[in-house]
Amino acid sequence: MTTILTSMGLAREREVGTFEQVLVTPLSPTVLIVGKLLPFAVIGLIDFTLALTAGVRVDYFSDISKWTGDPRVSGRYELGATTIKGGIGRFSQPPMEEESIPAFGNPGLRTQQAIHYGLGFDHKLTERVSFGLEGYYKSLDHMIVEAPSGMKVNTGHGRIYGAELAARWQPGGPFSGFVSYTLSRSERNDAGMW
């Protein structure tokens, strides 16, 4: 692909009449060809090893008459047998029905928000055995808590963080195996203290 794009670039130079300028440059033909190949080779290398995915989830929560737009992005970079992966995204959750019903709850409640961060890697030991390690952190905002008046309000904050170690075995056929261990901690700050 790189060679095709380089030859197309040189053919274009000839079509527009600038090929003669290329020929009279003080560069050797080898340096000229390498200079034309290099940008496409770098783009080809990145294209096959780096994958980025971005999106936005849009929701309408009729119980509280609110729209949310939650942007998210993730990426994977393949480096031989190792894949480095990471992502960040915002997630919204509406209050439970009984928390926002006018007679029992607070109809002025907003959605609870969380921003998720994750970073980790997967490594193939063999074609059938792999393992991975991933760390994560979640920042929680607008958590629904009970105010001293007894009214539900969006003033709570929290955080969740941890790591997961996983191993996979895929011998082929209908059988496979997966084992993981997760260590996590969840904390809330509803009254100004963790």
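The values are calculated or read from the model by the stated rules, or taken from the named source; none is laboratory data. The shown structure was predicted, so the numbers you read here are calculated from the model rather than taken from an experiment. Neighbour counts run over all protein chains shown; Cβ positions are idealised from the backbone, glycine included. With ligands, DNA and RNA removed, areas are computed over all heavy atoms of the protein, side chains included. Shrake-Rupley method; radii C 1.70, N 1.55, O 1.52, S 1.80 Å.
Taking only the Cα atoms of segment 111-194, the ratio Rg/Rh comes out at 1.23, with Rh defined as the Kirkwood radius. Using heavy atoms of the protein chains and a probe of 1.4 Å, the accessible area assigned to Leu38 is about 100 Å². Note on Ser176: accessible area is roughly 90 Å² with a 1.4 Å probe, heavy atoms of protein only. Computed extension gain for Glu78 through Phe178, at 0.36 nm per residue and net of the alpha carbon distance, reaches 33.8 nm. Rolled with a 1.4 Å probe across the full set of protein chains, the surface gives Asp63 an accessible area near 100 Å². Note on Asn189 and Ala147: their simple-model spin labels are 2.1 nm apart, each label 7 Å out from Cα toward Cβ.
Keeping the other protein chains in place, figure out the carbon and sulfur percent of the accessible area of segment 81-135, with a 1.4 Å probe.
Details: 1990 of 3200 Å².
Exposed carbon and sulfur together represent 62 percent of the surface.
Under Stokes-Einstein, with the Kirkwood radius over Cα pairs standing in for Rh, what whole-number D in µm²/s applies to segment 153-194 at 10 °C and 1.306 mPa s? Mind showing how you got there, number by number?
Numbers: Rh = 13.5 Å.
Stokes-Einstein gives a translational diffusion coefficient of 118 µm²/s.
Among the trypsin sites (Lys or Arg not before Pro) found in segment 106-170, those both in a DSSP coil and sparsely packed, with 14 or fewer other Cβ atoms within 10 Å of their Cβ, are Arg128.
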